[in-house]
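Asker: Input: one structure, supplied below.
The values are calculated or read from the model by the stated rules, or taken from the named source; none is laboratory data. On a predicted model such as this, the values are computed, not experimentally measured, just so you know. Neighbour counts run over all protein chains shown; Cβ positions are idealised from the backbone, glycine included.
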């Protein structure tokens, strides 16, 4: 028997078999003629849709409110990405992490990896050190690196290894060199690396996600 619930577009986007974006949910609702009602959300008025919800996503209560599934169902929706206790320099360089084993693992949703077209085997996590990439990257920010992306692209942020030192910098590709550019340009001038130094220059991967704390 179908289990119908009033859900917000954001909640619907979390369900299996549903569009992954709120805009996609609205389009599906309009296309299929879903029943809807007004909803007062945290960020202002919105809508809820009355839809059939998979049994694993339903908890029956007297109010009929939507609740999260149990911990086993939640766990199945995530993958663990390895993190290394190495700070990749956003300042004056830090040591490479080849010899290190993962010190922890961070959980990411499988739907997020699918949306970004990422493979979990190509991702690693490190932490930033220094202030040269502010305001984009701050000290101790968590960086997700895509190790499958080795081709340098102008304007993108990469982690590179040069002379056994790791850097996280914005890249500019020049005819005879690479420029490692800091977003904090007033304090940190660009670093030029000649193409002839390629033997000691290696692209670790592109920074594809930055996580940071805000507030105290």
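Asker: Among the numbered criteria (1) free of Cβ contacts under 8 Å to residues at least 24 places away in the same chain; (2) loosely packed, with under 12 Cβ neighbours inside 10 Å; (3) in contact with a helix residue (DSSP H, G or I) (Cβ under 7 Å, 6 or more places away or on another chain), which one does residue 163 miss?
Answerer: (1)
Asker: Looking only at the stretch 101-118, filter to residues that are within 22 Å of residue 150 (Cα to Cα) and surrounded by 12 or more Cβ atoms within 10 Å (Cβ to Cβ); which one of those is modelled with the lowest pLDDT?
Answerer: 102
Asker: Now for a separate question. Taking the stretch 71-96 on its own, how many of its residues are in contact with a helix residue (DSSP H, G or I) (Cβ under 9 Å, 6 or more places away or on another chain), over 14 Å from residue 147 (Cβ atoms) and modelled with pLDDT of 70 or more?
Answerer: Residues in the stretch 71-96 being in contact with a helix residue (DSSP H, G or I) (Cβ under 9 Å, 6 or more places away or on another chain), over 14 Å from residue 147 (Cβ atoms) and modelled with pLDDT of 70 or more: 5 in total.
Asker: Quick check: anything in the stretch 202-213 in contact with a strand residue (DSSP E or B) (Cβ under 9 Å, 6 or more places away or on another chain) and over 23 Å from residue 144 (Cα atoms)?
Answerer: No, there is no match, as no residue in the stretch 202-213 is in contact with a strand residue (DSSP E or B) (Cβ under 9 Å, 6 or more places away or on another chain) and over 23 Å from residue 144 (Cα atoms).
Asker: Right, another one. Of the conditions (1) touching a residue at least 60 places away in the same chain (Cβ under 8 Å); (2) in contact with a helix residue (DSSP H, G or I) (Cβ under 8 Å, 6 or more places away or on another chain), residue 141 clears all except one; give me its number.
Answerer: Condition (2) is where residue 141 drops out.
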